[in-house]
Structures are given as C-alpha cells and as structure tokens.
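Data block below; observations after.
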Amino acid sequence: MDKKIKILTLSDHPLSPSGVGTQTKYFIEALLKTGKFQFICLGGAMKHDKYEAQKIAPYEDDWMVIPVDGYGDAEKIRSIIRNERPDILWFMTDPRFYEWLWFVENEIRPLIPMVYYHVWDNHPAPMFNRPFYLSNDLIVSISKVTRDVVAEAAPEVENIYHPHAVDSSIFKPKTDEEIKELKKNNFSQDKDDRMLFFWNNRNARRKQSGSLLFWFDEFANEVGRDNVRLIMHTDPNDIHGQPLQHIIEKLGNDGTMMISSSKVPPQILSDMYNMASCTINISDAEGFGLATLESLSCETPIVVTMTGGLQEQVTDGKDWFGIGIEPSSKTVIGSQQVPYIYEDRISKEDFKAALHKMYNMTPEERKELGRKGRQHVENNYSFEKYCEGWVKIMTEVHKKHGSWENRRNHKSWELKELT
C-alpha cells in the first residue's frame with residue numbers, strides 16, 4: 001500500500017461554524033475520502049476548553065486536530081514538521097495572520113511545499129504582499145478579484161482560481177408548503193405575510209451592520225412596517241461591531257427588525273434562507289461572502305454591494321441573480337499593516353431603491369431570480385467541483401514538488417550580481 005500524503009493545515013478549527021472553518025472541513029473530508037491522505041490540523045481562531053490533540057471520527061489516525069490560540073506560532077510549526085514529517089503545509093485566511101509563518105519559510109520550504117488558500121477583498125493590487133506571495137509554492141485564489149491582484153503583484157508564483165462552494169444537498173429550496181409551515185412555527189405571534197429580508201454576517205465594521213438597521217428602518221416606514229421584517233443572524237455584541245440591540249431599541253423595538261444570535265447547524269440556516277425573500281450583504285469590502293452563496297443555493301435572491309467576491313455571485317456577466325448595488329464612493333483606506341485598499345461604500349438612496357425594487361417584484365419574479373441563482377451555484381460553485389478540484393490540486397502539488405528527500409522545484413538561495 002502506498003504511503004499516504006500527510007498534510008498539515010492552519011486555519012480556523014475545521015469543526016467550527018465559521019466560513020473558513022466550514023471550507024477547511026470540506027477540503028479535508030474531500031481528500032480523506034480518497035484514502036490517499038492524512039491530516040494534522042492546527043485548529044485556531046476560537047477559545048478552547050482543552051488543548052489535547054483530538055482524533056476525528058470516523059477517520060481516527062488520519063485526521064488529528066491540535067487546538068491552538070490564534071493560528072499557531074513558529075515554534076509549534078517547527079515542532080510538528082520535525083516530529084510528524086508532513087508532506088505539504090496548507091493554510092487559509094487573511095494574510096495579516098500569517099506574516100510570522102512567511103518569516104520562517106526558509107526553514108519550511110526546503111523540506112515541504114507551502115500552499116496558501118488566499119482571499120483579498122479589493123484592488124489596487126497589494127504590492128506590499130509581494131514578499132509573502134513569493135514565499136509560497138502555490139497560491140489558490142478564492143475569488144476572481146484575488147486571482148487578478150495576485151497575478152499582478154507576483155506573476156511568477158503559480159496561481160489557481162478555485163472558489164468556495166456550498167453543499168447543495170443541505171442548502172436547497174423547500175416547497176411553498178414547507179416554507180409556510182416554517183413561518184407559522186417561527187412567527188406564530190402574527191399571521192406573518194410580511195416580506196422577510198435576511199442578513200447573515202459577522203457584526204463587524206466593514207459589514208455595515210449599523211447602516212443596515214438605520215436604512216432598513218427608513219425603508220420599512222416607506223412601505224409599511226407591518227409589511228416587512230429584517231432578521232440579522234449575528235452576534236449583536238461583537239467587540240468589532242456595534243451594539244445592534246441598542247440600535248433597534250433606539251429605532252423602536254416593534255418586531256420589524258430582529259436579531260438571531262444562537263449558533264445553529266447548517267440545516268437550520270437553510271431553513272432561514274428559505275423563509276427569506278431576499279438575503280442582503282452591503283459590506284464595503286468582501287473577499288467572497290459565503291452567506292449569499294448559501295442563499296442562492298436555496299433559490300433565495302440576493303442584494304449585494306458590487307465588491308470583491310459578491311459581484312461574481314450576483315451575476316455571471318449575462319444573467320442576474322439578485323440586485324447588485326454599484327459603490328457610490330471608492331475610498332482608499334489602509335493601516336500600518338495594509339497600506340492601501342479600496343473601500344466600496346454604497347449610498348442610502350441606492351440601497352433603499354434596491355429594496356424597493358425587490359419588494360415590488362412579484363413572488364414569481366423573485367422565484368425566477370432564485371432558480372437562476374441556484375443554477376449559477378451548481379454551474380460555477382458546485383460542491384462536487386470543489387472537492388474534485390482540491391483532490392486534483394493537492395495530488396499534483398505532491399507530484400510536482402515532492403517533500404523531504406524528494407523535495408523539488410525549490411531553491412533556498414539565489415545568485416545576484418553585485419555592481
């Protein structure tokens with residue numbers, strides 16, 4: 001029997017409900033099902049009660065998760081690489097969390113290749129990321145925007161476009177009768193023939209959660225507060241966001257705007273998308289936006305800012321699967337770590353106009369948008385393509401680059417002419 005390819009992963013804990021965690025889980029399970037891979041995962045980005053390594057059933061020795069704070073550190077990586085001798089290092093999420101890892105790539109890459117599953121929110125091309133991009137054997141880009149900016153910043157690095165996916169066997173449309181029953185069970189306090197708008201995001205600054213509440217409040221006044229409802233599935237007290245319940249109290253807590261704060265399994269999320277007539281995301285920067293893809297998979301159309309990965313979800317360039325709102329301003333913002341990036345802000349007027357347009361559609365018109373949206377997901381973001389793609393990518397990485405005694409295509413030195 002051939003030796004299994006062992007992969008060390010760094011990301012959110014693969015059993016956590018975050019988008020990064022979910023996509024990591026999909027990636028791992030796809031490769032494990034081939035019987036040709038093993039995994040050691042550093043499970044980060046969450047609080048842990050225990051830090052002992054965990055074997056994940058039913059894979060046992062083939063899938064081990066080691067809880068870590070943050071995303072790990074150089075000493076942890078050195079120890080695991082030397083003791084476990086993985087064949088590939090795969091890591092995912094925002095590059096600002098991995099500067100420490102790229103600083104020690106001279107210790108890692110002579111032994112094993114580094115594969116980075118990368119997302120970047122917007123233009124201009126982040127030339128300040130170039131040294132980090134050059135420190136990988138392969139960059140797999142989550143969105144078309146990411147692919148384009150990486151190609152401009154570091155064209156010599158191999159760069160593959162492979163977007164996120166949703167499990168369409170979970171995120172799927174329900175019948176009218178099933179949706180009617182869901183609404184009856186969840187909104188028994190009134191007949192609830194209100195049009196339901198859904199927002200599933202982290203309560204963080206760039207997500208524009210406060211703007212959404214104030215603007216939706218005005219829209220509700222215009223169409224009648226008994227005719228619409230907004231449900232925000234989020235943590236209303238996230239330290240990176242605004243106190244959403246406080247804002248709702250200020251605007252008038254009459255049931256028009258509600259918070260859903262409990263963590264729920266994917267099947268319940270699917271029910272929530274199905275009850276909604278529309279899912280909203282008005283972030284000023286969004287690398288991909290998994291919730292809107294889940295919504296489309298449930299045949300629920302979307303209203304989104306035309307930024308980052310959202311713009312490739314709402315249209316394929318020919319058909320539309322909701323309403324895309326063009327930014328009214330594109331401001332260059334930044335920080336010491338990210339010197340420049342566009343921030344795409346929409347206006348209140350354009351947002352309310354999009355809601356009015358969605359509200360004034362007939363149910364059949366919205367259903368048609370949703371049907372086309374699910375087909376768009378199946379054509380371009382299918383779960384099967386996602387899994388098959390990762391098996392192909394990682395198999396070819398191992399074949400092309402090797403590891404340890406068979407390591408290929410990496411030089412830990414370069415010749416420079418001094419003048």
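The values are calculated or read from the model by the stated rules, or taken from the named source; none is laboratory data. In this text, all values refer to a predicted model and were calculated from it rather than measured experimentally. Virtual Cβ from ideal backbone geometry, glycine too; neighbours counted across all protein chains shown.
At a glance:
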item	result
Residue that is surrounded by the most Cβ atoms within 10 Å (Cβ to Cβ) [pool: residues in the range 318-337 that are assigned to a loop (DSSP other than H, G, I, E, B) and either more than 23 Å from the chain's Cα centre (by Cα) or at pLDDT 95 or above (or both)]	F321
Selection count where residues are touching a Lys or Arg at 6+ places or on another chain (Cβ under 6 Å) and either β-branched (V, I, T) or not in a loop (DSSP other than H, G, I, E, B) (or both), scope the range 245-283	3
Failed condition for L418, given (1) of a type in the set (A, V, I, L, M, F, W, C); (2) within 19 Å of the chain's Cα centre (by Cα); (3) surrounded by fewer than 19 Cβ atoms within 10 Å (Cβ to Cβ)	(2)
Output for the range 64-87, where each listed residue is among the hydrophobic types (A, V, I, L, M, F, W, C), within 23 Å of the chain's Cα centre (by Cα) and in a strand (DSSP E or B)	V65, I66
Selected residue [under 30 Å from E294 (Cα atoms), among the β-branched types (V, I, T), in contact with a His (Cβ under 6 Å, 6 or more places away or on another chain) and not in a helix (DSSP H, G or I)] from I160, I139	I139
Number of positions in the range 1-46 that are of a type outside the set (V, I, T), in contact with a Phe, Trp or Tyr (Cβ under 6 Å, 6 or more places away or on another chain), at pLDDT 90 or above and part of a strand (DSSP E or B)	2
Residue count, the range 293-317 (criterion: buried (at least 24 other Cβ atoms within 10 Å of the Cβ), in a helix (DSSP H, G or I) and touching a residue at least 24 places away in the same chain (Cβ under 8 Å))	7
Scan of the range 82-95 for residues that are touching a residue at least 24 places away in the same chain (Cβ under 8 Å) and surrounded by fewer than 18 Cβ atoms within 10 Å (Cβ to Cβ), ordered by number	E84, R85, D94
Any hit, the range 381-400, residues being touching a Phe, Trp or Tyr at 6+ places or on another chain (Cβ under 6 Å) and either buried (at least 19 other Cβ atoms within 10 Å of the Cβ) or not acidic (D, E) (or both)	yes
